[in-house]
Each structure stands twice: as C-alpha cells, then as structure tokens.
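Below: the structure, in structure tokens.
Each value in this text was obtained by applying a stated rule to the coordinates, not by laboratory testing. Since the model is a prediction, treat every value here as computed from it, not as a measurement. So basically every Cβ, Gly included, is an ideal-geometry build from the backbone, and we count neighbours across all protein chains shown.
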Amino acid sequence: MKNVVYVVVTALLWVLLFQLNMFVFSHFKHNLYTTWVFLPAGLRLVSVLLVDGSAILGLFIGALISYELIGVSLSASLVLSLISAINPYIAIKLSKHLLKVDDMLSNLRSENLIFMSLISSLFNGITQNLYLISIGSDPHPTMGIIVMFIGDFLGCLIMLLLLAWTSKSIRKYISSSNE
C-alpha cells in the first residue's frame with residue numbers, strides 16, 4: 001500500500017510541477033519538448049533518492065499525463081515517459097555507486113546532489129533527444145540536447161534549493177515550538 005501512495009504522490013507532483021513549469025517558464029520554451037528550466041527534473045532526482053524504484057512508475061504516469069495534456073501523440077508520449085522515468089533511476093544508481101553513497105543516504109553531501117543532477121540531466125538530455133531525432137521532431141539536435149541538459153540541471157538545482165529551504169524552515173519552526 002505504501003508503494004501505491006508513493007506512485008500516486010509522485011505522479012500528482014509531476015503533473016503539478018509540469019503545469020507550473022509550463023506557466024512560469026513558458027517564455028523559456030525551446031520547443032514542445034524542451035525548456036531552459038524544467039522543474040520536474042528535480043522531482044525525478046528527489047523521488048528516486050527517497051523512494052527508489054517506486055518512483056519509476058509515478059514518474060512514468062505523471063509524464064504520460066503531462067505529454068497527453070500538451071498534445072503529444074500517444075506513441076511519443078509512451079516512449080518519452082518511459083525515458084523520463086527510467087533515466088533518473090539509472091543515473092542515480094550509477095551516481096550512488098560511483099560516489100559510494102549508501103542506500104540510507106547517510107553520507108549524501110551537497111556535492112553528491114550536484115553530481116547526481118548533472119548525470120541525470122545528461123542522461124535525459126541525450127536519450128530523449130536521440131528519440132526526438134529518430135522521429136524527426138528536432139531539426140536542431142545539438143541545440144535540443146544542450147537546452148534539455150541545462151533545463152533539467154537548473155530544474156534540479158531549483159528544486160534542491162527549495163527542498164533545503166523548506167527543510168531548514170521546518171526544523172527552525174519545530175525547534176522554536178519546543179522552546
């Protein structure tokens with residue numbers, strides 16, 4: 001039951017962040033598939049770190065709903081959603097292995113999060129754009145990879161900063177309540 005909750009919450013957060021991203025960063029759009037800032041990329045990172053494999057299905061469902069909402073064909077939505085869900089899992093697992101970060105994240109440092117964000121953004125930027133190139137949806141493939149990489153990386157950084165700020169604010173509130 002706990003895993004179902006993780007999947008549903010992850011999917012809902014993806015759709016909400018995707019819609020927020022489309023609203024706030026609409027002027028930073030490169031094409032239908034890429035934007036210079038992409039907040040859901042941060043959700044990919046955080047959800048995989050926190051709920052591991054359960055995040056994959058939530059990310060897939062959230063991305064599938066979001067692509068459908070913006071009019072992407074079902075076949076492209078399925079492939080792009082699958083890429084969007086599996087890439088961060090592989091990137092985080094690889095990063096954790098390379099950085100020797102344990103499964104409880106007890107030795108996770110901010111530098112590790114930045115490295116994981118870079119790897120995840122690179123994986124996603126390359127693989128999604130390879131697919132887009134294969135279906136003829138990106139006439140400027142190099143630019144598409146660069147924009148998606150930067151957008152995902154900035155989205156990760158923004159989300160990590162918001163998470164750190166929220167966490168710090170909650171700890172501060174709890175400590176002041178206990179006094």
Full extension between L130 and L74 adds, at 0.36 nm per residue less the Cα distance, a length in nm of 18.4 nm
Give me Y173, Y131 ranked fewest to most by other Cβ atoms within 10 Å of their Cβ, as a rough exposure proxy.
-> Y173, Y131
Choice from V15, V46, V101 showing the highest fluctuation, given a GNM over the chain with Cα pairs closer than 10 Å | V101
Beyond 16 Å, what share of the Cα-Cα pairs of the range 85-179 remains, rounded to the nearest whole percent?
-> 64
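What translational diffusion coefficient, to the nearest whole µm²/s, does the range 128-179 have by Stokes-Einstein, given a Kirkwood radius computed over alpha-carbon pairs, a temperature of 37 °C and 0.692 mPa s viscosity? Before the final figure, lay out each step's value.
Values: Rh = 13.7 Å.
Estimated diffusion coefficient is 240 µm²/s.
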What is the count of Lys pairs in the chain whose alpha carbons sit under 29 Å apart, if the two are 8 or more places apart or on different chains?
-> 8
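Mean Kyte-Doolittle of at least 1.6 and a Cα length of 27 Å or more along the axis: which whole DSSP H helices of the chain meet both? Could the numbers behind the result be given before it?
Working: long enough: 2-24 (32 Å, 1.76); 74-99 (37 Å, 1.26); 110-134 (36 Å, 0.82); 141-177 (53 Å, 1.17).
Both cut-offs are met by 2-24.
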Counting sequence-distant residues (5 or more places) and residues on other chains, those with an amide H built under 5 Å from that of T35 are H30
The range 124-175 and the range 72-102 have their Cα centres apart by a whole-number Å value of 12
Asserting the computed 222 nm helical MRE of the chain (DSSP H runs at least 4 long, -39500 (n - 2.57) per run, divided by residue count, to nearest 500) equals -27500 deg cm²/dmol
So how compact is the chain: Cα radius of gyration and Dmax in angstrom?
-> 16.4, 62
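Which value, in debye to the nearest 20, gives the size of the charge dipole of the range 71-144 about its Cα centre, when Lys and Arg are +1 and Asp and Glu are -1 at the Cβ?
Working: 4 positive and 4 negative charges, 25 e Å.
Using only the charged Cβ atoms, the result is roughly 120 debye.
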How would you rank L130, L160, going from fewest to most other Cβ atoms within 10 Å of each one's own Cβ?
-> L130, L160
Ranking L57, L163, F115 by how far each Cα lies towards the positive end of the charge dipole of the range 14-172 (+1 on Lys and Arg Cβ, -1 on Asp and Glu Cβ), the top one is L163
Fewest-first ranking of I119, I146, using other Cβ atoms within 10 Å as the exposure measure = I146, I119
